[in-house]
Amino acid sequence: MVRMMIQLTEEQKKALEALAKARKTSVAKLVRESVAQYVVSAPKDAEREAKRKRALEFIRKIEAGEIVAHDIEGKTDVSINHDKYLAEIYGTW
């Protein structure tokens with residue numbers, strides 16, 4: 001194992017000590033377990049953030065007119081005239 005020095009707030013230190021006492025283990029073990037769990041979940045968080053950024057960029061391009069969103073028939077006003085199109089589909093317009 002590698003020895004490291006970290007800084008915690010007083011509240012974090014007290015919470016870790018209380019948890020360690022309740023679990024009858026050491027603060028160091030709790031920190032190692034926490035880091036291990038974080039490392040496992042971090043790639044998922046990074047992947048999720050990348051997807052979020054791609055979605056926001058796509059929306060920005062639509063708003064800037066760089067991409068024209070359309071449905072399968074090529075209509076670009078579906079979000080505005082959806083009621084009309086639904087009525088046409090169901091024959092009530």
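Results, tabulated for the structure shown:
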| item | result |
| --- | --- |
| Extension gain from Glu11 to Lys84, taking 0.36 nm per residue of separation minus the Cα-Cα distance | 20.4 nm |
| Helical contribution to [θ] at 222 nm, DSSP H n ≥ 4, -39,500 (n - 2.57), averaged over the chain, rounded to 500 | -24000 deg cm²/dmol |
| Theoretical gain in end-to-end length, Arg3 to Ala55 [0.36 nm per residue, Cα-Cα removed] | 14.6 nm |
| Rounded tilt (10° steps) of 10-23 against the dominant C-alpha axis of the chain | 80 |
| Two-site FRET efficiency, Lys44 against Ala69, from Cβ-Cβ distance with R₀ of 25 Å, rounded to 0.05 | 0.30 |
| Fraction of the pair-distance distribution of the stretch 10-90 above 20 Å, Cα-Cα pairs, percent | 64 |
| Folded to 0 to 90 degrees: helix 78-90 orientation relative to the chain principal axis, Cα | 60 |
| Given the chain, longest segment not containing exposed loop trypsin sites (Lys or Arg not before Pro) (DSSP; at most 14 other Cβ within 10 Å) | 25-74 |
| Rounded to the nearest 20 debye, dipole of the stretch 10-90 from Cβ charges on Lys, Arg, Asp, Glu | 920 |
| Karplus-derived 3J(HN,Hα), 6.51/-1.76/1.60, for each residue of the stretch 61-73, Hz, glycine and proline x | 5, 5, 5, 7, x, 6, 10, 9, 7, 8, 8, 5, 8 |
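Computed from the coordinates by the stated procedures, all read-outs in this text should not be read as laboratory data. Small disclaimer: the values here were computed from a predicted structure and weren't measured. Because the Cβ atoms are built from the backbone with ideal geometry, glycine has one as well, and the counts that use them run over all protein chains shown.
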